[in-house]
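Report on the following structure.
The values are calculated or read from the model by the stated rules, or taken from the named source; none is laboratory data. Just so you know, these numbers come straight off a predicted model, no measurement behind them. Reconstructed Cβ throughout: ideal geometry from the backbone, glycine too, with neighbour counts over all protein chains shown. Only protein heavy atoms, including side chains, enter the accessible area calculation; ligands, DNA and RNA are left aside. Shrake-Rupley method; radii C 1.70, N 1.55, O 1.52, S 1.80 Å.
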Amino acid sequence: MDDVLGRAEAILRPAMGPRVHTSFAMAPLTTFRIGGPAAIFVEPESEDDLSAVSAAVRETAVPLVVIGKGSNVLVSDRGFPGIVLRLGRAYRWAARDGDALSAGGAMPLPALAGVALRHGLSGMEFGVAIPATLGGAVKMNAGAHTRSMSEVLTGVDVFLLGEGATRTIAATDAGFAYRRSALPSGGIVIGASVELTPGGDQEIRERMDQAREWRRRTQPLAEPNCGSVFKNPPDGYAARLIEEAGLKGLRVGGVQVSTKHANFIVADPGADADDVRTLIARIQAEVQDRYGVELEPEVQMIGGFADVAR
């Protein structure tokens, strides 16, 4: 593996120079503040940079994972033995065209909601309560307050690693469903467009304030966490099942089910990713045994984890 990583680094260095990092600490890049290092970490600032990443992956088969704000990921204590990619600041932009907004994949969703407010456009208010980049939010069809990205998206710009080129995919062809999409697995969302509607500044601001207040009131924002751990099952809520099973406050090592919101796991300083994985498995097993419901994790697990007995 060291030879593969060395060859990948040799391909990346001429294009990205000091923006290629090795043995890079990942924990500070995640809202969980947990995890080991990335073997290689890059922040592309252009399609030339992305083309270099494409070449490195194609020629060495080194594994690659893409992160955004780090709010929906759990990085293994052992780190990730490949390339971790986070789009750089050049992909943090937004522009208006009539009632539509276009933005780069690194644009934070709350910031995009703020851009919509400044232009008197309604429809992105729900995004103010989602700590994600636009790219990540599109890929997983993020949502809140009964709204989701698929309801406002019109097009997605995807850089295809296999082809080393960008393709624009219409939202209607992206296969959106609850917390998922059918966008190409080897694609990086570098931009997207949304269609909004004109609205009054006061009404838009009030809905954004309500979303922020709801998040402050219901979620453990003061403690490290990854956001919602599980997707809601059909016709139900993961948090309700976990709470009714009596699992609020359940602890494994340095992590526990939040006593404020049962679909959140919070971490003490120095907590282990393996403890999170174990706690996730225990929650799944208990809910399955009690209610016959298989809870599907929403959090993306990066790297290898110890075997966990369900």
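Sorting Asp307, Asp157 by solvent-accessible area of protein heavy atoms yields Asp307, Asp157, largest first, with a 1.4 Å probe. Taking all C-alpha pairs of region 258-310, those more than 13 Å from each other amount to 64 percent. With the whole protein complex present, Phe80 retains an accessible surface near 30 Å², based on a 1.4 Å probe.
Placing +1 on each Lys and Arg Cβ and -1 on each Asp and Glu Cβ, with no other charges, gives the chain a dipole about its Cα centre of roughly 520 debye. With the helix formula -39500 (n - 2.57) applied to DSSP H stretches of n ≥ 4, the chain reaches a computed 222 nm mean residue ellipticity of -9000 deg cm²/dmol. Springs join every pair of Cα atoms under 10 Å in this Gaussian network model of the chain, and among Gln300, Gln288, Gln219 the largest mean-square fluctuation is at Gln288.
Among Val257, Val115, Val75, whose mean-square fluctuation peaks in a Gaussian network model of the chain (Cα, cutoff 10 Å)? Comparing Val257, Val115, Val75 in the GNM, the peak value goes to Val115.
The alpha carbons of region 181-310 occupy a box of 52, 38, 34 Å along the principal axes, longest dimension given first.
Shown is the FRET efficiency for Arg212 and Arg78, computed with R0 = 45 Å from the Cβ-Cβ distance and rounded to the nearest 0.05: 0.80. The alpha-carbon of Lys248 sits under 16 angstrom from the alpha-carbons of these lysines, leaving out residues fewer than 8 places away in its chain: Lys260. For the chain, the C-alpha radius of gyration divided by 2.2 N^0.38 Å, with N the number of residues, is 1.01.
When the chain is treated as a Gaussian network with alpha carbon springs shorter than 10 Å, the biggest mean-square fluctuation among Arg13, Arg86, Arg290 belongs to Arg290.
Between Gly82 and Ala39, Ile40, the built amide H atoms are under 5 Å apart, and every one of these is 5 or more places off in sequence or on another chain.
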